[in-house]
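The values are calculated or read from the model by the stated rules, or taken from the named source; none is laboratory data. For clarity, every value in this text was computed on a predicted model and none was experimentally measured. For neighbour counting, all protein chains shown are included, and Cβ atoms are generated from backbone atoms with ideal geometry for every residue, glycine included.
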Amino acid sequence: MKKFGILLLSFIIGSPVLQAQGPVDEDQLGAWYMYFYQKRFSDSQFGVQGDFQYRAWNLASDREQLLLRSGFTYRPKSEDILFTLGYAYIGTGAPGDSNENVSENRIYQEALIPQKVAGRFLFTHRFRYEQRFVNGQDFRTRFRYNVFLNVVLNKEALEKGAIYLALYNEIFINGEDEIGDGRSVELFDRNRIYLGMGYTLSNSSRVQLGWMKQTTANWSKGQLQFSLHQNF
């Protein structure tokens, strides 16, 4: 188990970042503002979870995306795993002064699998499958895998007052390369690698600040990330 954790940590830190040119200003720092929530219904294996995000090409005013996502969750009694069936709306804007907006409706299924290594190394593996209805394109699908790692620095767990190091790496693979009208995309869609710090406000909420490098088939760009996480 310790060897497995070390291999995953090496993957997170050592994942390659490819440089690509495109219409996006790759030297401009962007920012994502995010709220994540999760609620388990009382005395039930069912619940809800989701996130609301505002993403900007710059620090605030040049909107990259508005993402609204929520789903129903199910946690089996015999396994430490959380399944989600959900829906998301995504509105994507072009960088700069353009008013262009591409709307997407998305259905997704995911599995979250936590793993604790050596006490303070808290891994979470997320497998997500998306069915995408993008305006002006054929029906698309996408596969995503994310490995998260939180390392608690001053406590034994993510309890009130805990300061923690947060890392993740997520890879996106398109299910199809043809998207309609003779257009095509690469099977590799994008990769995100992240490093941040978090603080646990209470046993049900925490805040996080970090930096993420997102690399697509056409461009690579740095983003600040500000997030609030709550369990009800």
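Go over the candidates Gly96, Gly161, Gly91, Gly119 one by one and state the one that is over 16 Å from the mean Cα position of the chain (by Cα), within 25 Å of Tyr54 (Cβ to Cβ) and assigned to a loop (DSSP other than H, G, I, E, B). Criteria check complete, one pass: Gly96. No other residue among Phe139, Phe148, Phe143, Phe127 is at negative phi, among the aromatic types (Phe, Trp, Tyr) and free of Cβ contacts under 8 Å to residues at least 12 places away in the same chain apart from Phe139. Name the single residue that is farthest from Pro23 (Cα to Cα) among those in region 122-141 being of a type in the set (Phe, Trp, Tyr) and under 15 Å from the mean Cα position of the chain (by Cα). Among those residues, the one meeting the criterion is Phe123.
Per-residue answers, yes or no, for (1) among the acidic types (Asp, Glu); (2) touching a Ser or Thr at 6+ places or on another chain (Cβ under 6 Å); (3) assigned to a loop (DSSP other than H, G, I, E, B); (4) farther than 16 Å from Arg120 by Cα:
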site	(1), (2), (3), (4)
Ala166	no, no, no, no
Glu170	yes, no, no, yes
Glu176	yes, no, yes, yes
Tyr199	no, no, no, no
Trp211	no, no, no, yes
Gln214	no, no, no, yes
Phe226	no, no, no, yes
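Scanning region 109-126 for residues that are surrounded by 15 or more Cβ atoms within 10 Å (Cβ to Cβ) and farther than 17 Å from Ser227 by Cβ gives Glu110, Gln115, Val117, Arg120, Phe121, Phe123, His125. Scanning region 101-108 turns up one or more residues that are of a type in the set (Ser, Thr, Tyr), buried (at least 18 other Cβ atoms within 10 Å of the Cβ) and closer than 18 Å to Phe36 by Cα.
No other residue among Gln28, Gln65, Gln109 is part of a loop (DSSP other than H, G, I, E, B), on the phi < 0 side of the Ramachandran plot and at pLDDT 95 or above apart from Gln28.
Quick grid of which residues meet (1) of a type in the set (Gly, Ala, Ser); (2) surrounded by 14 or more Cβ atoms within 10 Å (Cβ to Cβ); (3) more than 23 Å from Trp57 (Cα to Cα); (4) touching a Gly at 6+ places or on another chain (Cβ under 8 Å):
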position	(1), (2), (3), (4)
Val185	no, yes, no, no
Arg190	no, yes, no, no
Thr200	no, yes, yes, yes
Ser204	yes, no, yes, no
Leu209	no, no, no, yes
Lys213	no, yes, no, yes
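Pairs meeting the criteria (first residue in region 191-206 and without any contact (Cβ under 8 Å) to a residue 12 or more places away in the chain, second residue in a loop (DSSP other than H, G, I, E, B) and surrounded by fewer than 21 Cβ atoms within 10 Å (Cβ to Cβ), beta carbons under 8 Å, at least 6 apart or on different chains) are lacking. Filtered by the rule that a residue be farther than 25 Å from Ile193 by Cα and either in a strand (DSSP E or B) or acidic (Asp, Glu) (or both), region 135-158 gives Asp138, Glu156.
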